[in-house]
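The values are calculated or read from the model by the stated rules, or taken from the named source; none is laboratory data. This structure is a prediction, so every number in the text was calculated from the model and none was measured. Here the Cβ positions follow ideal geometry from the backbone for every residue, glycine too, while neighbour counts run over all protein chains shown.
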Amino acid sequence: MAADVVIRLCDDIQQKNHKVFFDNFFTTIPLLLVLKSQGICGTGTCRRNRLHGAQLKLKSEKQLKKEGRGACSVVTNAQNLSITRSLDSSVIHMASTCTGQSPSDVAQRWSKKEKKMLNIQRPFSVKLYNQHMGGVDLMDQCVAMYPQTQKQTVVHQSVLPLLGCDHCECLAPIQNVWSGTDGSSALQGICSSCAHKCRIHQDTRKRKTQCHPTSKAQSSVQGTP
């Protein structure tokens with residue numbers, strides 16, 4: 001099913017020698033051979049269970065881990081299809097009909113153990129794939145390369161305890177302000193649970209006491225003959 005999607009998308013390609021890149025959900029050895037018969041070169045990450053016996057000729061994952069980060073092993077069949085197994089932060093399998101290990105280059109990777117950037121050897125197929133991949137793979141790569149110590153940690157904290165109250169009745173003035181209403185009816189009520197400890201209602205009562213003397217003075221002035 002996944003291979004059929006790639007083949008259908010490549011039906012509109014008229015000229016030959018185009019290069020197509022896809023991730024391990026689509027990559028299979030038969031798909032790469034079919035695309036090559038149509039004059040299209042394919043490159044993609046490949047899953048372990050889709051190597052069609054190539055894993056027997058490659059270096060084992062234990063051997064790569066002993067050699068260290070940047071170790072690589074490659075095999076090529078008669079159809080000029082190469083499969084590369086390299087070690088980065090994890091083992092990567094690349095299958096391609098146009099690229100292989102050479103020419104390799106140096107790439108920088110973050111080491112969690114040593115807490116610094118390291119220079120490692122990178123196969124050319126991995127470099128070419130990284131240049132043309134997009135979407136989810138690109139986002140995952142950026143997150144993986146970002147140092148763990150610099151990631152932000154989001155901490156959620158309730159606002160009401162900071163105001164001296166954690167009762168639901170005290171949340172009404174804040175809800176009214178958020179919704180755009182004046183909140184006069186909510187501000188007039190006093191939380192029976194927290195009484196005078198609530199800062200929201202303390203401020204409300206202060207505003208009321210400041211307004212009442214002014215209103216009484218105005219009424220006394222109006223009542224005098």
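Suppose we filter 66, 113 for residues that are part of a helix (DSSP H, G or I), among the basic types (Lys, Arg) and in the same structural domain as residue 24 (by TED's automatic domain parsing); which single one remains?
Details: 113 fails: part of a helix (DSSP H, G or I).
Answer to the check: 66.
Checking residue 91 against (1) in contact (Cβ under 8 Å) with a residue 12 or more places away in the chain; (2) within 17 Å of residue 42 (Cβ to Cβ), which single condition isn't satisfied?
Among (1) in contact (Cβ under 8 Å) with a residue 12 or more places away in the chain; (2) within 17 Å of residue 42 (Cβ to Cβ), residue 91 violates only (2).
Among the residues of region 121-139, are any in contact with a Ser or Thr (Cβ under 9 Å, 6 or more places away or on another chain), part of a strand (DSSP E or B), farther than 15 Å from residue 24 by Cβ and at pLDDT 85 or above?
yes
In region 81-96, what residues are hydroxyl-bearing (Ser, Thr, Tyr) and either surrounded by 19 or more Cβ atoms within 10 Å (Cβ to Cβ) or in a strand (DSSP E or B) (or both)?
Passing the criteria: 82, 84, 86, 96.
So, in region 73-126, exactly how many residues are touching a Lys or Arg at 6+ places or on another chain (Cβ under 9 Å) and aromatic (Phe, Trp, Tyr)?
Qualifying residue count, region 73-126: 1.
When the residues of region 5-33 are narrowed to those that are assigned to a helix (DSSP H, G or I) and of a type in the set (D, E, K, R), which ends up nearest to residue 140 (Cα to Cα)?
Step one: of region 5-33, the residues assigned to a helix (DSSP H, G or I) are 5-12, 29-33.
Checking the rest, the ones that are also of a type in the set (D, E, K, R) come to 8, 11-12.
Working: 8: 27, 11: 29, 12: 30 Å.
Filtering region 5-33 for residues that are assigned to a helix (DSSP H, G or I) and of a type in the set (D, E, K, R), the one nearest to residue 140 (Cα to Cα) comes out as 8.
Could you please tell me which pairs satisfy a Cβ distance under 7 Å, a separation of 6+ or placement on different chains, a first residue in region 3-21 that is surrounded by 12 or more Cβ atoms within 10 Å (Cβ to Cβ), and a second residue that is assigned to a strand (DSSP E or B) and of a type in the set (Gly, Ala, Ser)?
Filtered contacts from region 3-21: 20/42; 21/44.
Mind listing whichever residues of region 34-59 are touching a residue at least 60 places away in the same chain (Cβ under 8 Å) and either more than 26 Å from residue 91 (Cβ to Cβ) or not in a strand (DSSP E or B) (or both)?
Passing the criteria: 35, 36.
Given the criterion among the aliphatic types (A, V, I, L, M), out of contact with any Leu (no Cβ under 7 Å at 6 or more places or on another chain) and either surrounded by 20 or more Cβ atoms within 10 Å (Cβ to Cβ) or not assigned by TED's automatic domain parsing to the domain that holds residue 24 (or both), identify the matching residue among 106, 143, 126.
126
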